[in-house]
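Please read the structure below before turning to the comments.
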Amino acid sequence: MSITLPIAMAAALTLAAPADAATPVYPDRGVENPAVYDFNAVSDGPIYAYFMGASAGFQISLGLKVNGVEIAQGVFPINGLGPNPAIYSVSELGMARAGDTLEFFIDVVGGGDSFRLSSDASLNAGGFNHVYSAAYAYDPLVPDVPAGVFVSFEDDPNLGDRDYNDLTFVFINVATERPSPAAVPEPASWATMLLGFGVAGAGLRRCRIRPASASA
Ligand SMILES: [Ca+2]
Ligand SMILES: [Ca+2]
């Protein structure tokens, strides 16, 4: 795609990611994605969603459940539910703690029906898998979006074309696998870490004290 595209043509493509960006693409179009993802929070803090584009005719928005509790819905509405979001724009979906179970979902209005499709296939009609996920590496062509977890949705309730590109995001502070028990630090590592925290804490205390003594 050339950068000399007429402005009108470029404007019509604003919801689609540029072809030269390093956005993952579902490799087996036409086949249900067999991969199952265990989405969970990496650390205590906010979950961010970057909007990476849409290829959908339905009205769709994004939502999130943390440990089964809905904390966001109606985010990034497209196709008439609200003003279409700017590509690569970001939204804070809410807070989670390390290891919390995350369920992303889309609410869809279209085809004379409205329904919710979850990243947890067991919650979907027919048990269909409606998401594809892959690691997203930082792309210098897309400087607004940090490295994270790419997730794209298939919005057809019966899976339809299985292109898994109908609504696409990069999520931050999200992992697709729980850390294995083997990844828990050994006691010696804990001791080192705690020592590190102690040093960091002492540093923080010094930082807090310094302005007070300077102003005295
Ligand atoms: Ca599709
Ligand atoms: Ca599509």
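The values are calculated or read from the model by the stated rules, or taken from the named source; none is laboratory data. Only a predicted model underlies this, so the values are computations on that prediction, with no experimental measurement involved. Cβ sites come from the backbone with ideal geometry, for glycine too, and all protein chains shown count toward neighbours.
Considering 114, 89, the condition of being of a type in the set (S, T, N, Q), closer than 18 Å to residue 78 by Cβ and touching a residue at least 24 places away in the same chain (Cβ under 8 Å) is satisfied by 89 alone.
In the stretch 86-119, what residues are on the phi < 0 side of the Ramachandran plot, outside any strand (DSSP E or B) and surrounded by fewer than 16 Cβ atoms within 10 Å (Cβ to Cβ)? Once the filter is applied, which keeps residues that are on the phi < 0 side of the Ramachandran plot, outside any strand (DSSP E or B) and surrounded by fewer than 16 Cβ atoms within 10 Å (Cβ to Cβ), the stretch 86-119 yields 86, 89, 97, 98. One residue stands out in the stretch 172-191 among those that are at pLDDT 70 or above and over 11 Å from the mean Cα position of the chain (by Cα): the one that is nearest to ligand 1 (Cβ to nearest atom), namely 177. Residues that are part of a loop (DSSP other than H, G, I, E, B), surrounded by fewer than 21 Cβ atoms within 10 Å (Cβ to Cβ), at pLDDT 95 or above and of a type outside the set (S, T, N, Q) are absent from the stretch 158-171. Screening the candidates 113, 107, 144 for the property of being in contact with a Ser or Thr (Cβ under 6 Å, 6 or more places away or on another chain) and among the acidic types (Asp, Glu) yields one hit, 107. Of all residues in the stretch 137-158, those satisfying the criterion of being touching a residue at least 24 places away in the same chain (Cβ under 8 Å) and either away from ligand 1 (no atom under 16 Å from the Cβ) or in contact with a Pro (Cβ under 9 Å, 6 or more places away or on another chain) (or both) are 137, 139, 141, 142, 144, 145, 146, 148, 149, 150, 152.
Given the structure, is residue 83 touching a Pro at 6+ places or on another chain (Cβ under 9 Å) and either assigned to a loop (DSSP other than H, G, I, E, B) or among the acidic types (Asp, Glu) (or both)? For residue 83, the condition - touching a Pro at 6+ places or on another chain (Cβ under 9 Å) and either assigned to a loop (DSSP other than H, G, I, E, B) or among the acidic types (Asp, Glu) (or both) - is met.
Answer yes or no: is there a residue in the stretch 127-137 that is within 16 Å of ligand 2 (Cβ to nearest atom), at pLDDT below 85 and under 25 Å from the mean Cα position of the chain (by Cα).
First, the residues of the stretch 127-137 that are within 16 Å of ligand 2 (Cβ to nearest atom): 128-132.
So of that shortlist, the ones also at pLDDT below 85 come out as none.
Looking for residues that are within 16 Å of ligand 2 (Cβ to nearest atom), at pLDDT below 85 and under 25 Å from the mean Cα position of the chain (by Cα), one finds none in the stretch 127-137, hence no.
Within the stretch 133-141, is even one residue more than 22 Å from residue 26 (Cα to Cα) and crowded, with 16+ Cβ neighbours inside 10 Å? No, the stretch 133-141 has no match at all.
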